[in-house]
Ligand SMILES: [Cu+2]
């Protein structure tokens, strides 16, 4: 191959790999926390305007260590803890009732309060959201 062709080939390869591994750009819309018994389910819309995919790996409640935040999904018709939630590039993931959501374990004493939840994205890093615990 001519050197120019090799260069064009390398540039094309770089462009292709950039598309996959470009930066994610995460935004959260309409977070809400609904108390169900002793725990609160948290719903929201996760938007990724970036060219790169991401992964929600976990969550914590800021300043309230006794309230545990878990990722939940529906597996075989039952609510189960899940390890992560994939966020596609240029995509939207809806956390909604009967589907994937966050669960605040032991949130019943926080009814009426606004809590700060830190979402831990693998590539984008931490994102803080606020949600009022309602019934
Ligand atoms: Cu749940």
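Summary of computed values
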| quantity | calculated |
| --- | --- |
| Hey, residue 46 surrounded by 13 or more Cβ atoms within 10 Å (Cβ to Cβ), within 17 Å of the chain's Cα centre (by Cα) and without any contact (Cβ under 8 Å) to a residue 24 or more places away in the chain or not | no |
| Single match in 132, 80, 123 (criterion: part of a loop (DSSP other than H, G, I, E, B) and either more than 12 Å from the ligand (Cβ to nearest atom) or modelled with pLDDT of 95 or more (or both)) | 123 |
| Scope the range 83-117; condition closer than 16 Å to residue 31 by Cβ, assigned to a loop (DSSP other than H, G, I, E, B) and within 15 Å of the ligand (Cβ to nearest atom); matching residues | 96, 97, 99, 100, 107 |
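The rows are residues; the columns are (1) exposed (fewer than 15 other Cβ atoms within 10 Å of the Cβ); (2) over 19 Å from residue 134 (Cα atoms).
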{"residue": "31", "(1), (2)": "no, no"}
{"residue": "50", "(1), (2)": "no, yes"}
{"residue": "57", "(1), (2)": "yes, yes"}
{"residue": "69", "(1), (2)": "no, no"}
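The values are calculated or read from the model by the stated rules, or taken from the named source; none is laboratory data. Not measured: the values here are computed from a predicted model. Virtual Cβ from ideal backbone geometry, glycine too; neighbours counted across all protein chains shown.
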